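Right, one structure below, let's go through it.
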Amino acid sequence: MNIKNNKRYKTSSEKIETIFLTLILNNKYEDITISQICKNAEINRSTFYAHYDDINDLIIKIEAKFANGMALIFDFGLRQTHEAFVEMFTFVEKNKYFYKAFLNIPYATLAETNIKNQVLTNIKDKTKINKDDISLFYRASFFGAGIKEMCRLWLERDCKESPEQMAQLLLKEYTNRA
C-alpha cells in the first residue's frame, strides 16, 4: 500500500518534483500540465493526485520545502555568518534547477513571504531591536532582494564562482554599505 511516509510514496513524490523542476527549465510554469508530468515521470494521474491537489499545490509544496531549507541555514534570521552564506550558495548550486526557475519569478511568492515574516518575527523576538522599528522590514527586504539577484546572476553564469567566493562578495558589499 502506498501510504504517506513510506519509501514508495516518498520516491513517487521526489520523482514528480524532479520531473516538474526539469520541465520548468524550458517551460513557463503555467504551461506545464499534469499530463506532461505523469508522462515524463512514468506514473498514473492517480499517483500524482495522491500527492498533490493540482500543479499549484505541487509548486507551493516544492517552494515551501526549499524556502524552509534556506531558512534553516540561517536559523530563521539569527545566523548571518560567512559560513551561513557559503552554505546558502552551496544549497542554491545543489538545487540549481529549482532556483533557476524560482529566481526568475517576478513577484514574491507565498512561501518566500511566509519565511520572511517568520525571520523578521524571530529576529525581533530574540534580539533587542525595537519591535516597532519599521526600518528592519525595509532593510531585510532590501538585503533579501539583493541576495536573490546575486543568486540569479550567479546561476545565469553557471556558478563560475565558488560558493565561498560568492559569500565573500556578498559580505564585502553588505558590510561596506552598513
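The values are calculated or read from the model by the stated rules, or taken from the named source; none is laboratory data. Just so we're clear, the structure is a prediction, and the values are computed from it rather than from any experiment. No Cβ is skipped: glycine too gets one built from the backbone with ideal geometry, and neighbour counts run over all protein chains shown. Heavy atoms of the whole protein, side chains included, go into the accessibility calculation; ligands, DNA and RNA do not. Shrake-Rupley method; radii C 1.70, N 1.55, O 1.52, S 1.80 Å.
Odds and ends about this structure:
- Residues (among the aliphatic types (A, V, I, L, M), farther than 21 Å from K126 by Cα and loosely packed, with under 15 Cβ neighbours inside 10 Å) located in segment 66-110: I105, A108, L110
- Only residues that are surrounded by 14 or more Cβ atoms within 10 Å (Cβ to Cβ) and in contact (Cβ under 8 Å) with a residue 40 or more places away in the chain were counted across segment 19-37, and they come to 5.
- A single member of I105, I37 is of a type in the set (V, I, T) and over 22 Å from K148 (Cβ atoms), and it is I37.
- Selection within segment 147-178 - farther than 14 Å from M88 by Cα and in a helix (DSSP H, G or I): L153, E156, K172, E173, Y174, T175, N176, R177
- Close pairs from segment 58-86: first on the phi > 0 side of the Ramachandran plot, partner surrounded by 14 or more Cβ atoms within 10 Å (Cβ to Cβ), Cβ under 6 Å, at least 6 apart: F76/Q118; F76/V119; F76/N122; G77/V119; G77/N122; G77/I123
- Qualifying residue in segment 101-116 (condition: among the polar types (S, T, N, Q), over 11 Å from the mean Cα position of the chain (by Cα) and within 19 Å of E30 (Cβ to Cβ)): yes
- Within segment 52-65, tally of residues that are surrounded by 15 or more Cβ atoms within 10 Å (Cβ to Cβ) and among the acidic types (D, E): 1
- All of (1) of a type outside the set (F, W, Y); (2) without any contact (Cβ under 8 Å) to a residue 60 or more places away in the chain; (3) surrounded by fewer than 17 Cβ atoms within 10 Å (Cβ to Cβ); (4) in a helix (DSSP H, G or I) hold for K124 with one exception: (3).
- Count of residues meeting criterion [of a type in the set (S, T, N, Q) and open to solvent by less than 60 Å² (accessible area, probe 1.4 Å)] in segment 135-178: 3
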